[in-house]
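Structure record follows, encoded as structure tokens.
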Amino acid sequence: MKTLLGTEALLAIIVNLIFIILTWWAITAIKWESIMKKGHVPQIRLFMVLLTITISSSVSSFFLNYLQYAKDLTFLLK
């Protein structure tokens, strides 16, 4: 039982990191300087980090919930 919990925790960490990387990669493609005030680079970077964490957290939560629901379907078939 402890091994299963450890495996799920490791999977959650890996999925979160993957979605953080993917979200950061996608967000860096946007020209933030043309959207926000010029000369506010630290604020833009902070906004990008917070937006990355918010989006990746939502997407990874959805993904992990979906995996859990798919795994729980086996109880329906028993």
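The numbers here are math on the coordinates, done by the rules we state, and not lab data. Just so it is clear, the structure is predicted and the values come from calculations on it, not from any experiment. Note that we place each Cβ from the backbone using ideal geometry, even for glycine, and neighbour counts take in every protein chain shown.
A value for P(r) over Cα pairs in 5 Å bins from 0, in percent was derived from the coordinates, and within the list (1) 3, 14, 17, 18, 13, 10, 8, 6, 5, 3, 2, 1, 0; (2) 3, 12, 19, 16, 14, 14, 11, 7, 3, 0; (3) 3, 16, 17, 14, 12, 9, 9, 6, 5, 4, 3, 2, 1, 0 it appears as (1). Using Cβ point charges alone (K and R +1, D and E -1), the dipole size of the chain about the Cα centre works out to roughly 160 debye.
Length gained on full extension, Arg45 to Ile13: 9.2 nm, using 0.36 nm per residue less the C-alpha separation.
For Leu77, Leu5, Leu51, the sequence from fewest to most other C-beta atoms within 10 Å is Leu77, Leu5, Leu51. Residues Lys78, Lys37, arranged from fewest to most other Cβ atoms within 10 angstrom of their Cβ, appear as Lys78, Lys37.
For Leu22 and Gln68, what is the calculated FRET efficiency with R₀ set at 25 Å and r taken between the beta-carbons, to the nearest 0.05? Efficiency, rounded to the nearest 0.05: 0.75. Could you point to the residue in Ala12, Gln43, Leu67 farthest towards the positive end of the chain's charge dipole, with +1 and -1 charges on the Cβ of Lys/Arg and Asp/Glu respectively? About the Cα centre, the residue reaching furthest to the positive side is Gln43. Available extension along the chain between Ile53 and Trp32 is 5.9 nm, counting 0.36 nm per residue and deducting the alpha carbon span. Once the Cα atoms are used to define both axes, helix 41-77 deviates from the longest principal axis of the chain by about 20 degrees.
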